[in-house]
1. Could you tell me how many of the residues in region 86-118 are assigned to a helix (DSSP H, G or I), at pLDDT below 90 and over 15 Å from the mean Cα position of the chain (by Cα)?
2. Of all residues in region 21-56, which are touching a Gly at 6+ places or on another chain (Cβ under 7 Å) and over 28 Å from Val93 (Cβ atoms)?
3. Return yes or no: is Gly76 surrounded by 15 or more Cβ atoms within 10 Å (Cβ to Cβ) and either modelled with pLDDT of 85 or more or in contact with a strand residue (DSSP E or B) (Cβ under 8 Å, 6 or more places away or on another chain) (or both)?
4. Could you give me the residue pairs with C-beta distances under 7 Å whose first residue belongs to region 32-59 and is touching a residue at least 60 places away in the same chain (Cβ under 8 Å), whose second residue is assigned to a helix (DSSP H, G or I) wherever it lies, and which are 6+ apart or on separate chains?
Amino acid sequence: MAKYLLLKHYRGAPAPVNNVPMDQWTPEEISAHMQYMHDFAARLERTGEFVDGLALAPEGAWVRYDGEGRPPVTDGPFAETKDLIAGWMVIDVDSYERAIELAGELSAGPELLGEPFA
């Protein structure tokens, strides 16, 4: 078996059909999405394919060491993880093809108005 890192993102990718930031979703839409993610992980736990996963907070900062006692916090010039990644999941599967299959399922979770991410 091989481990794969699946990155869940909502920003920085090609524009989806439901291109509305999660902070503009209704509580019901957020709950439906989170339930999908929970159910997906639980199903992979039952098959032994789930290793770990977490959702990430949208807040964050890029921090660079700039000498003794001076850790400046900056928002550029590089793309920030907070702008690209909303969460991650590590899976342990038999093949690359299975990893692609699961990545497709993961990305199909309900989004705005309960429609799958497309």
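The values are calculated or read from the model by the stated rules, or taken from the named source; none is laboratory data. Since this is a predicted model, take the numbers as computed values, not measurements. Neighbour counts run over all protein chains shown; Cβ positions are idealised from the backbone, glycine included.
1. The initial filter retains those residues of region 86-118 that are assigned to a helix (DSSP H, G or I), namely 96-107, 112-114.
Those left that are additionally at pLDDT below 90: 103-107, 112-114.
Adding the requirement that they be over 15 Å from the mean Cα position of the chain (by Cα) leaves 112-114.
So the count comes out to 3.
2. Of everything in region 21-56, just one residue is touching a Gly at 6+ places or on another chain (Cβ under 7 Å) and over 28 Å from Val93 (Cβ atoms), namely Glu29.
3. no
4. Ala32/Gly114; Phe40/Glu105; Phe40/Leu106
This table checks each residue for (1) in a helix (DSSP H, G or I); (2) at pLDDT 90 or above; (3) not hydroxyl-bearing (Ser, Thr, Tyr).
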| site | (1), (2), (3) |
| --- | --- |
| Leu7 | no, no, yes |
| Pro14 | no, no, yes |
| Glu29 | yes, no, yes |
| Phe40 | yes, yes, yes |
| Arg46 | yes, yes, yes |
| Val51 | no, yes, yes |
